[in-house]
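Step one of this worksheet: look at the structure below.
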Amino acid sequence: MFQINDNYQKLPGSYLFSTIAKKVAAFSEANPDKQIIRLGIGDVTQPIAPAIIEAMHRAVDEMGNAETFHGYAPDLGYEFLRKAIADNDYKARGCDISPDEIFVSDGAKSDSGNIQEIFSVDNRIAVCDPVYPVYVDSNVMAGRTGTYDAQTGMWSNVIYMPCTRENGFVPEFPKETPDMIYLCLPNNPTGTTITKAQLQEWVDYANKVGAVIIYDGAYEAYISETDVAHSIYECEGAKTCAIELKSFSKNAGFTGVRLGYTVVPKELKCGEVSLHGMWARRHGTKFNGAPYIIQRAGEAVYSDAGKAQLMEQIAYYMRNAATIKSGLQESGFEVYGGVNAPYIWLKTPEAMTSWEFFDYLLEKANVVGTPGSGFGPSGEGYFRLTAFGSYENTVAALERIKSI
Ligand code: MLT
């Protein structure tokens, strides 16, 4: 008789955003006349920029011609895209990352879930609390997290680093020594971040204790303050302790297009074993590459026209962030984030739990957000709103919230 991976049985409930989608669908069915505004999942709403669409059209035409047709992509991704990434995201910032340290993928969600595969199940992970749920859930599936305590919402073998208003949402070095440290900066869900000097301390710490940092930089394009690092490789010594995950979803609107990349520096080793070699083996075995058309779209992100158009798109979303933040502040809410990230993190009023506030907002204002407790126990009493809606919907949502 076959056996299943029992670790899946340990996962409490469904994936956070699936739970929310189900709740909203039920509300919508019961209240068909209500116009719901969705500021829950961080999904973009603006169309793909024209320079990128043109590049995709050209690539589609190439695929219809025997001379220019492309089959399987190279294992690591096409050289034209990896070179554009290396030049623009790294060389331009003084980071020494070569194209062959870049692995193109179908998005940072998959990579952030898959990367744990190249590490021992005996490794102890440390996560910020609250945290993007994929990091913990994928480690639960692998059997690395111990047992779940429904009372505390914590796993016995996970090191939690609380990020709350009390510590300015800056994770502190844990008392127990972790083997793998997940950092998402600017942060999902709190929308806050740390300075480059603070990040350097994390790099120094990881090198000292022999930990690896899995650094998720999905929201890097939203950084507006000058003392914040755009890549962990801006920090000295990061190439011996950090893997960086990047996404095209939030900077270029690719949530439905799917493209991302992971950097595994060749200097990153466990003893004599190169993690680059391991990830290359995994990539080659389990992945057949992002589509040619999409990789050409990714290349266009780095064209002059693409960059100019995307700067406008990011400014559009950040105007939403400012609108949400100031609107909530005017209504007396305690609000964080929204300066270097497209997320607003607010304290729920009148000691409501995160889910109570979710229901309250849905029923009274027909606005969907994300309960902070869905991201971890320290998210309880907080709530996330995304700036990825349309400007009109954002303004309308704020008007509704102000009037309840
Ligand atoms: C979120 O809402 O946290 C993000 O959309 C999740 C993701 O990027 O997968």
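The values are calculated or read from the model by the stated rules, or taken from the named source; none is laboratory data. What you see is a predicted model; the values in this text were computed from it and never measured. Glycine also receives a Cβ, built like all others from the backbone with ideal geometry; neighbour counts cover every protein chain displayed. Heavy atoms of the whole protein, side chains included, go into the accessibility calculation; ligands, DNA and RNA do not. Shrake-Rupley method; radii C 1.70, N 1.55, O 1.52, S 1.80 Å.
Against the criterion of being in a helix (DSSP H, G or I), under 22 Å from P377 (Cβ atoms) and without any contact (Cβ under 8 Å) to a residue 40 or more places away in the chain, F357 qualifies.
Restricting Y160, Y132 to those that are surrounded by 21 or more Cβ atoms within 10 Å (Cβ to Cβ), in contact with a Cys (Cβ under 7 Å, 6 or more places away or on another chain) and either charged (D, E, K, R) or at pLDDT 95 or above (or both) reduces the list to Y132. Entry remark, the range 16-38: residues being part of a loop (DSSP other than H, G, I, E, B) and of a type in the set (A, V, I, L, M) number 1 in total. Considering the range 28-50, the residues that are without any contact (Cβ under 8 Å) to a residue 12 or more places away in the chain and among the small types (G, A, S) include one that is nearest to N393 (Cα to Cα), namely S28. Residues that are within 16 Å of the ligand (Cβ to nearest atom), in a strand (DSSP E or B) and not aromatic (F, W, Y) occur at least once in the range 212-230. Farther than 15 Å from L185 by Cβ, among the hydroxyl-bearing types (S, T, Y) and open to solvent by 30 Å² or more (accessible area, probe 1.4 Å) - does that describe any residue in the range 235-242? For the range 235-242, residues farther than 15 Å from L185 by Cβ, among the hydroxyl-bearing types (S, T, Y) and open to solvent by 30 Å² or more (accessible area, probe 1.4 Å): present.
Conditions tested, residue by residue: (1) among the aromatic types (F, W, Y); (2) farther than 19 Å from Y292 by Cβ; (3) surrounded by 15 or more Cβ atoms within 10 Å (Cβ to Cβ); (4) touching a residue at least 12 places away in the same chain (Cβ under 8 Å).
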site	(1), (2), (3), (4)
I52	no, no, yes, yes
A55	no, no, yes, yes
A73	no, no, yes, yes
A84	no, no, yes, yes
G94	no, yes, no, yes
E101	no, yes, yes, yes
S105	no, no, yes, yes
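Those residues that are touching a residue at least 24 places away in the same chain (Cβ under 8 Å), open to solvent by 30 Å² or more (accessible area, probe 1.4 Å) and on the phi < 0 side of the Ramachandran plot, I need them from the range 340-351; list them, please. Residue satisfying the conditions is K347 alone. Suppose we filter A315, A305, A397, A322 for residues that are over 20 Å from T45 (Cβ atoms), in a helix (DSSP H, G or I) and among the aliphatic types (A, V, I, L, M); which single one remains? None of the others qualify; the one that does is A305. Among the residues of the range 184-217, the one identified as closer than 16 Å to K246 by Cβ, open to solvent by 10 Å² or more (accessible area, probe 1.4 Å) and of a type in the set (A, V, I, L, M) is L185. One residue stands out in the range 170-191 among those that are part of a loop (DSSP other than H, G, I, E, B), more than 16 Å from the ligand (Cβ to nearest atom) and of a type in the set (A, V, I, L, M, F, W, C): the one that is farthest from E334 (Cα to Cα), namely F173. I102 meets the conditions (1) β-branched (V, I, T); (2) in contact with a helix residue (DSSP H, G or I) (Cβ under 7 Å, 6 or more places away or on another chain); (3) within 16 Å of the ligand (Cβ to nearest atom) in every case but one. The failed one is (3). Taking the criterion of being surrounded by fewer than 19 Cβ atoms within 10 Å (Cβ to Cβ), in a loop (DSSP other than H, G, I, E, B) and more than 16 Å from the ligand (Cβ to nearest atom), the residues of the range 245-286 that qualify are K266, E267, G271, E272. If I filter the range 195-202 for residues that are closer than 19 Å to P162 by Cβ, part of a helix (DSSP H, G or I) and aromatic (F, W, Y), do I get at least one hit? The answer is yes; a qualifying residue exists. The condition of being within 16 Å of G298 (Cβ to Cβ) and part of a loop (DSSP other than H, G, I, E, B) holds for only one of A84, A59, A73, A66, that being A73. Pairing each residue of the range 160-176 that is closer than 15 Å to F375 by Cβ with any residue that is part of a loop (DSSP other than H, G, I, E, B) and open to solvent by 60 Å² or more (accessible area, probe 1.4 Å), provided the two are 6+ apart or on different chains, yields C-beta distances under 7 Å for M161/E172.
Kindly list the number of the only condition in (1) touching a Gly at 6+ places or on another chain (Cβ under 9 Å); (2) over 30 Å from R384 (Cα atoms); (3) part of a helix (DSSP H, G or I) that fails for Y135. For Y135, the failing item is (2). N114 meets each of the listed conditions (1) open to solvent by less than 60 Å² (accessible area, probe 1.4 Å); (2) in a helix (DSSP H, G or I); (3) away from the ligand (no atom under 16 Å from the Cβ) apart from (3).
Scanning the range 313-339 for residues that are touching a residue at least 12 places away in the same chain (Cβ under 8 Å), surrounded by fewer than 22 Cβ atoms within 10 Å (Cβ to Cβ) and either out of contact with any strand residue (DSSP E or B) (no Cβ under 9 Å at 6 or more places or on another chain) or more than 14 Å from R384 (Cα to Cα) (or both) yields Q313, I314, Y316, M318, R319, A322, T323, G327, E330, S331, G332, V339.
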